[in-house]
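Worksheet for the structure shown next.
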Amino acid sequence: MLIATWNVNSIQARLPLVLEWLDRRRPDVLLLQETKCLPGAFPRAEVEAAGYQVADHGEGRWNGVAVLSQVGLDEVATGLDLAAPDGRVEARYLAADCGPLRIASVYVPNGRELGHPYFTYKLAFLEELRGRVARELAGGRPFILGGDFNIAPKDSDVFDPAAFVGQTHVSPEERAALASVLGAGVVDLAALPGQTPSYTYWDYRQGFFRRGLGMRIDLLLGSPDVVSAVELVEVDRSPRQAARPSDHAPLTARLTLDSRAGA
DNA sequence: ATGTCACAAACTTTGTGA
């Protein structure tokens with residue numbers, strides 16, 4: 001199976017690129033983040049015409065997650081319905097059964113600045129996520145949690161660790177909260193022995209992509225039965241090089257799992 | 001040198017979030 005996660009920064013703006021990528025790579029499942037559209041506005045017909053079922057959880061201008069699958073899409077569930085500091089509940093988590101897998105798309109809050117109310121919200125979200133992962137694992141299926149975590153797990157996951165001191169995405173608090181999620185029983189697939197952890201995000205500004213100044217903040221986490229099935233985890237930079245790109249590139253994992261199993 | 005992008009208000013420009 002080929003599993004992918006991609007923060008597209010608006011599915012409306014990125015639809016041509018997403019359709020081209022689906023046709024070229026034919027992932028079994030693609031997890032999306034920052035769809036930035038209301039449920040009724042998701043370009044469902046175009047994606048279905050490409051051969052994918054769609055589950056989306058959108059809220060409009062910001063956030064929004066989706067699961068695209070060509071191996072079945074059942075038991076769809078949203079979650080992590082905690083309120084942001086402004087009192088609104090944001091669309092940041094969507095899980096489904098796809099073939100043999102339980103799989104979830106997550107968009108972790110950015111956090112804005114250390115000590116900001118939205119930073120506290122980010123940490124609270126990750127604590128809720130830990131509990132949610134524990135419950136998904138209790139379902140007994142091979143489980144994958146993929147998405148934009150807005151955390152670089154290690155200093156080697158950012159282009160200049162010194163430049164990030166005092167910033168979000170690298171703080172000990174965020175890394176501890178991510179470690180807590182992993183402690184529920186999932187593993188960072190791109191960081192497995194034999195794989196090469198690569199940047200997944202490059203700021204639009206200042207030519208960061210051209211200059212190779214990126215961060216590894218998009219992750220695929222897997223349960224032990226997924227880990228034992230991992231063949232290759234890689235970042236496909238080609239859509240980041242295209243015209244009108246997202247600031248993130250898709251992260252893919254090829255697994256020795258039978259997509260027909262477990263239905 | 002925060003040098004880009006996307007969205008939506010009620011605008012051909014600005015505020016917001018990333």
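The values are calculated or read from the model by the stated rules, or taken from the named source; none is laboratory data. Only a predicted model underlies this, so the values are computations on that prediction, with no experimental measurement involved. Every residue, glycine among them, receives a Cβ derived from its backbone with ideal geometry; neighbour counts consider all protein chains shown. We work out accessible area using only protein heavy atoms, side chains counted, and drop any ligands, DNA or RNA first. Shrake-Rupley method; radii C 1.70, N 1.55, O 1.52, S 1.80 Å.
Counting only residues that are more than 11 Å from DNA strand B (Cβ to nearest atom) and of a type outside the set (Ser, Thr, Tyr), which one in the range A:197-212 is nearest to A:GLN167 (Cα to Cα)?
Filtering the range A:197-212 for residues that are more than 11 Å from DNA strand B (Cβ to nearest atom) and of a type outside the set (Ser, Thr, Tyr), the one nearest to A:GLN167 (Cα to Cα) comes out as A:GLY212.
Scanning the range A:36-60 for residues that are open to solvent by less than 70 Å² (accessible area, probe 1.4 Å) and either assigned to a strand (DSSP E or B) or touching a residue at least 40 places away in the same chain (Cβ under 8 Å) (or both) turns up A:VAL54, A:ALA55, A:ASP56, A:HIS57.
So, of the residues in the range A:132-156 that are small (Gly, Ala, Ser), in contact (Cβ under 8 Å) with a residue 24 or more places away in the chain and in a helix (DSSP H, G or I), which turns out to be most open to solvent (accessible area, probe 1.4 Å)? Quick ask: steps written out before the conclusion?
We begin by selecting, within the range A:132-156, every residue small (Gly, Ala, Ser); these are A:134, A:138-140, A:146-147, A:152, A:156.
Narrowing the set further to residues that are in contact (Cβ under 8 Å) with a residue 24 or more places away in the chain leaves A:134, A:139, A:146-147, A:152, A:156.
Still in the running and in a helix (DSSP H, G or I): A:134, A:156.
On the way: A:ALA134: 49, A:SER156: 83 Å².
In this case the residue turns out to be A:SER156.
Taken over the range A:212-256, residues that are open to solvent by 30 Å² or more (accessible area, probe 1.4 Å), out of contact with any strand residue (DSSP E or B) (no Cβ under 7 Å at 6 or more places or on another chain) and outside any helix (DSSP H, G or I) amount to 7. Considering (1) acidic (Asp, Glu); (2) more than 16 Å from DNA strand B (Cβ to nearest atom); (3) farther than 20 Å from A:TYR107 by Cα, the lone condition that A:ASP81 does not fulfil carries the number (3). Return the total of residues in the range A:157-179 being without any contact (Cβ under 8 Å) to a residue 60 or more places away in the chain and within 25 Å of A:LEU255 (Cβ to Cβ). Going through the range A:157-179 one residue at a time, the tally reaches 2.
Every condition in (1) of a type in the set (S, T, N, Q); (2) open to solvent by 30 Å² or more (accessible area, probe 1.4 Å); (3) within 16 Å of DNA strand B (Cβ to nearest atom) holds for A:ASN63 except the one numbered (2).
If you go through the range A:16-43 and pick out every residue that is away from DNA strand B (no atom under 11 Å from the Cβ), under 17 Å from the mean Cα position of the chain (by Cα) and within 24 Å of A:PHE143 (Cβ to Cβ), you end up with 7.
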